[in-house]
Amino acid sequence: LRGYESYGILCSGVELGVSENMYPGAGYNGLLLLPDDAPVGADVKPILGLDDWIFDIAITANRPDCQSIYGISREVAAVLEKELKTPDLSYTETDAELEGFHVTVDCPDLCPRYSAHYVTDVHIGESPAWMKRRLALVGIEAISNVVDITNYILKELGQPMHSFDGSKVERIIVRDVEKDTPFTTLDSTERMLPAGTMVIDLNSEIGAVAGVMGGLNSEITEKTTEVLFEAAKFLKDSVRKTSRGLGLRSDSAARFEKGIDEYTVECGIARALNLAQTLGVAKISSTKFDISGGASTEKRVINVSTAKVNEVLGIEVPETEMVTILEALQFEVALDNGVLTLAIPRYRDDVETYQDIAEEVIREYGYDKVVPTFLDDAKVTNGGLNRYQT
């Protein structure tokens, strides 16, 4: 280099693919300082925690329940016959209340579930190193403990969440805008919201584009001492239309577009409160709202013929094997005289018929066990061009 023979190179964290959130001191400027006891000539990956696995997983659109770390874990636990570890959703409420606070949903057809919970004594600061590192490894930079909690839950459970500065919220209304309305989003960009756009109204002022992005007027700052956590189910078609119409893409919008189930809404808000409490970020008040469009919290039950399942698959899967597979996938199963009575997990809105159950069974049983066969009315022909092609 420049006429000199080089025996090494000094690198910054960025040049090594490491961020400040993954390894302290790995900022863009300067050189990355390794521990004093780091052996000369050693592989740097174990020292920086980069000796990890990367799973590149493609999820089909009909499986929104797998759009998260926990969702994939459910599938892995089933196929490996391992115990599934459920995230801690416990928390303890205090007597603190937010007087006069109220939530209303004016468009239940577009927002069938909306949950909000108020927390007090908030201490804005950095998240613990383990959380910042996990976020960084899935492409999210840490911002502050409150915001990081919502981003963490998005990746862990697949539930998009939002946090409002509680001091700026007295009333929430989920509604449509009646006319084209300007609104400044968190990225400091003013956008024109078309009439019919679903928004979160805070004190008669738009505070967020529902399912897409929050507003600059209610963002969390270092001075925030009260926070309102929000988790909701917004109609996926509405969020997709709004996101594309505004040319505004976000991780939340991408997740809502696949479809959110009401069970995940419940888990998301509980997990946020659990993390806020266990990390010492805030105290959980007794002020909360959970508005549902009347959907049942009971599991749906369907009856499926094992013969029908095998007819779809074209092979004979033993009934006992079906029961084992479905129970591993969190279905509640009862078998009686060739009929499976199944209580479907609440996060599986996609399961409705015996064809869906056949898909569940063969995915775990093994596609390699399917034997290619002709349909009953199939014929072998010599091929050739038809009269339209000649």
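The values are calculated or read from the model by the stated rules, or taken from the named source; none is laboratory data. Nothing here was measured: the structure is a model prediction, and the numbers come from that model. Note that each Cβ is placed from the backbone with ideal geometry, even for glycine, and that neighbours are counted across all protein chains shown. Just the protein is used for accessible areas: all its heavy atoms, side chains included, with ligands, DNA and RNA removed. Shrake-Rupley method; radii C 1.70, N 1.55, O 1.52, S 1.80 Å.
One table, with the values for the structure above:
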item	result
Part-to-part distance (alpha-carbon centres) for region 104-124 and region 128-187, which is given in Å	12
Probe 1.4 Å, accessible area per residue of region 45-94, Å²	72
In order through region 217-222: 3J(HN,Hα) via Karplus (6.51 cos²θ - 1.76 cosθ + 1.60), integer Hz, x for Gly, Pro	6, 9, 6, 7, 10, 5
Backbone HN-Hα couplings from phi across region 313-320 [Karplus 6.51/-1.76/1.60, Hz, Gly and Pro as x]	6, x, 9, 9, 8, x, 4, 5
Cut-off 17 Å, label 7 Å out along Cα→Cβ of residue 184, residues of region 214-231 by amide N	214-222
Listed pairs 45/132; 155/236; 179/233; 236/288 exceeding 22 Å between Cα atoms	179/233; 236/288
Net lengthening on full extension, residue 321/residue 99 (0.36 nm per residue, minus Cα-Cα)	74.4 nm
From the C-alpha gyration tensor of region 32-82, square roots of 5λ in Å	37, 13, 9
Distant-in-sequence amide H partners of residue 193 (H built 1.01 Å from N, under 5 Å)	181, 183
In Å, descending, principal axis extents of the Cα set of region 201-270	35, 30, 22
Inter-label distance for residue 204 and residue 57, nm, one decimal - labels placed 7 Å from Cα along Cα-to-Cβ	4.8
Förster radius 56 Å - calculated FRET efficiency between residue 307 and residue 36 (Cβ-Cβ, nearest 0.05)	0.20
Per-pair calculated FRET efficiency, R0 = 56 Å: residue 390 and residue 10 via Cβ, rounded to 0.05	0.20
Stokes-Einstein D for the chain, Kirkwood Rh over Cα pairs, 4 °C, 1.567 mPa s (µm²/s)	53
Accessible area of region 241-321 belonging to carbon and sulfur atoms, whole % at 1.4 Å probe	49
Sulfur and carbon atoms: percent of accessible area, region 189-230 [1.4 Å]	47
Cα centroid separation - region 211-276 against region 12-52, whole Å	34
Percentage of interatomic Cα-Cα distances in region 1-86 larger than 15 Å	72
Set of aspartates and glutamates near residue 223 by C-alpha distance (under 14 Å), chain-local residues within fewer than 8 positions excluded	121, 126, 165
Along each principal axis, Cα extent of region 225-371, largest first, Å	61, 37, 30
Extension gain, residue 286 back to residue 333 (0.36 nm per residue minus Cα-Cα distance, nm)	13.2 nm
Where labels lie 7 Å past Cα in the beta-carbon direction, separation of residue 297 and residue 168 in nm	3.2
Portion, in percent, of the accessible area of region 128-188 that falls on carbon or sulfur, probe 1.4 Å	49
The chain: calculated mean residue ellipticity at 222 nm from DSSP helix runs of at least 4, using -39500 (n - 2.57)	-8000 deg cm²/dmol
